[in-house]
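To start, the structure under review is shown below, and the notes come after it.
The values are calculated or read from the model by the stated rules, or taken from the named source; none is laboratory data. For clarity, every value in this text was computed on a predicted model and none was experimentally measured. All Cβ positions, even for glycine, are placed from backbone atoms using ideal geometry, and neighbour counts span all protein chains on display.
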Amino acid sequence: MNRPDGLGYRAFGLTIRSQIPLPELGPYELAGQKPDVEIVLGDVRSLWERLGARHSHFAYVDRSYYLHIHDTAVYRVAGGEVTVDPMQGCCMKKLRLYLLGSCMGVLLLNRGVLPLHGSAVVAGNKAYAIVGESGAGKSTLAAALLSRGYRLLTDDVIPVVFGEQTGIASVVPAYPQQKLWEESIDGLHMSARDYETLYEHRSRAKFAIPVHEHFAEVGVPLAGIIELNRSDDDTIRFQRIEGLERVPVLFQHTYRNYHLPMLGLLGWHFQMSTRIAEQIELFRLSRPSSGFTVNEIVAIVTSEIVEGVTV
């Protein structure tokens, strides 16, 4: 079937042609080459309705992944193609958020790329991934590191690949944007008025922060993963994660890990996680649940993990 031409982009180590403009991504000249990913507009709602998955927002049927977001769009990921069926009057920023998030996570899994959930920064020639549960402060810590001269590889979805010849785990860049809650912006002495609102949730607003000047455009070997946790303790605690606990940590912080059984990828994921755990250091950094402690955390990160590395 002939499809209208789309715009060319590159992100997550993939070339993309999209009928939906993606202003978060920089333009990329495809020059007639077949892209890794095609994003097209099409009828997905009728397929979703036939699935009868009314009590769920996602499904996996006949090697196709379906995602239904109320008042936004229905998405279908099949191989390297994403078909998007927008709801009438939907917010395009929210539509792109799920397209570059959940849909991209499944696309990466389909291509044998392990997506972790968090932010990744570059110190010297090494990448450090910051993972944790929602609200742990991953993006806030990454933003504080950027203000000190570090570079961002990715925010939200962290694509981890192995070099075909070297076998070394690396993080490939996504696109030059962070997502920060308003309280983080205030704590970092930034002004929310300077940035575009991505979405609001329970009277809280999250903003899109362009970071073109602090963006790393090439992949970097992964040296370590920092698991950031909130605790009821008043002190900040830092420790290495050793032994058998390392692989479960990678599973816990895989982006949308509940998709793995559905996609039949549990065995593959275990093998990937084992390889990564053998190559890198893992750390756990617990911080108080209340208060803005990012400056103290940055001091620990820079002294304990990347001390002596030229930023």
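Could you check residue 102 against (1) polar (S, T, N, Q); (2) outside any helix (DSSP H, G or I); (3) closer than 21 Å to residue 251 by Cα; (4) not assigned by TED's automatic domain parsing to the domain that holds residue 176 and say which number it fails?
(2)
Do we find that residue 16 is of a type in the set (A, V, I, L, M, F, W, C), in contact with a Phe, Trp or Tyr (Cβ under 7 Å, 6 or more places away or on another chain) and either assigned to a strand (DSSP E or B) or within 23 Å of residue 265 (Cβ to Cβ) (or both) in this structure?
Working: of a type in the set (A, V, I, L, M, F, W, C): yes; in contact with a Phe, Trp or Tyr (Cβ under 7 Å, 6 or more places away or on another chain): yes; either assigned to a strand (DSSP E or B) or within 23 Å of residue 265 (Cβ to Cβ) (or both): yes.
Criteria met by residue 16.
State whether the residues of the range 69-88 include one that is polar (S, T, N, Q), modelled with pLDDT of 95 or more and within 20 Å of residue 211 (Cα to Cα).
The answer is no; no qualifying residue exists.
Would the range 165-175 turn up any residue that is within 27 Å of residue 90 (Cβ to Cβ) and under 17 Å from the mean Cα position of the chain (by Cα)?
First, the residues of the range 165-175 that are within 27 Å of residue 90 (Cβ to Cβ): 174-175.
Keeping just the survivors that are under 17 Å from the mean Cα position of the chain (by Cα) gives 174-175.
Yes, the range 165-175 contains at least one residue that is within 27 Å of residue 90 (Cβ to Cβ) and under 17 Å from the mean Cα position of the chain (by Cα).
Quick one: would you say residue 189 is without any contact (Cβ under 8 Å) to a residue 24 or more places away in the chain, within 22 Å of residue 256 (Cβ to Cβ) and of a type outside the set (Asp, Glu)? Talk me through it step by step, then tell me what you get.
On the way: without any contact (Cβ under 8 Å) to a residue 24 or more places away in the chain: yes; within 22 Å of residue 256 (Cβ to Cβ): no; of a type outside the set (Asp, Glu): yes.
For residue 189, the condition - without any contact (Cβ under 8 Å) to a residue 24 or more places away in the chain, within 22 Å of residue 256 (Cβ to Cβ) and of a type outside the set (Asp, Glu) - is not met.
Please state which one of 235, 274 is without any contact (Cβ under 8 Å) to a residue 60 or more places away in the chain and surrounded by fewer than 11 Cβ atoms within 10 Å (Cβ to Cβ). Explain how you work it out, then say what you get.
Numbers: 274 fails: surrounded by fewer than 11 Cβ atoms within 10 Å (Cβ to Cβ).
Selected residue: 235, the only one of 235, 274 that is without any contact (Cβ under 8 Å) to a residue 60 or more places away in the chain and surrounded by fewer than 11 Cβ atoms within 10 Å (Cβ to Cβ).
Count, please, the residues in the range 246-271 that happen to be more than 21 Å from residue 228 (Cα to Cα), aliphatic (A, V, I, L, M) and in contact (Cβ under 8 Å) with a residue 12 or more places away in the chain. Don't jump to the end; show me each part of the working.
Initial filter on the range 246-271 (more than 21 Å from residue 228 (Cα to Cα)): 259-271.
Applying the additional criterion that residues be aliphatic (A, V, I, L, M) yields 260, 262-263, 265-266.
Adding the requirement that they be in contact (Cβ under 8 Å) with a residue 12 or more places away in the chain leaves 260, 262-263, 265.
Number of matching residues: 4.
I'm trying to understand the selection: among the residues of the range 24-57, which are touching a helix residue (DSSP H, G or I) at 6+ places or on another chain (Cβ under 8 Å) and of a type in the set (Val, Ile, Thr)?
37, 39
Return yes when residue 127 is assigned by TED's automatic domain parsing to the domain that holds residue 271, hydrophobic (A, V, I, L, M, F, W, C), modelled with pLDDT of 95 or more and over 24 Å from residue 67 (Cβ atoms) and no when it is not.
Values: assigned by TED's automatic domain parsing to the domain that holds residue 271: yes; hydrophobic (A, V, I, L, M, F, W, C): yes; modelled with pLDDT of 95 or more: yes; over 24 Å from residue 67 (Cβ atoms): yes.
Yes: the conditions hold for residue 127.
Could you check residue 142 against (1) touching a residue at least 40 places away in the same chain (Cβ under 8 Å); (2) crowded, with 24+ Cβ neighbours inside 10 Å; (3) outside any strand (DSSP E or B); (4) not hydroxyl-bearing (Ser, Thr, Tyr) and say which number it fails?
Exception for residue 142: condition (1).
Please work out if residue 60 is closer than 29 Å to residue 173 by Cβ, surrounded by 14 or more Cβ atoms within 10 Å (Cβ to Cβ), touching a helix residue (DSSP H, G or I) at 6+ places or on another chain (Cβ under 6 Å) and modelled with pLDDT under 95. First the steps, then the outcome.
Values: closer than 29 Å to residue 173 by Cβ: yes; surrounded by 14 or more Cβ atoms within 10 Å (Cβ to Cβ): yes; touching a helix residue (DSSP H, G or I) at 6+ places or on another chain (Cβ under 6 Å): yes; modelled with pLDDT under 95: yes.
In short, yes.
Collect the residues in the range 63-76 that are without any contact (Cβ under 8 Å) to a residue 40 or more places away in the chain and surrounded by 12 or more Cβ atoms within 10 Å (Cβ to Cβ), keeping them in residue-number order.
The answer is 64, 66, 67, 68, 69, 72, 73, 74, 75, 76.
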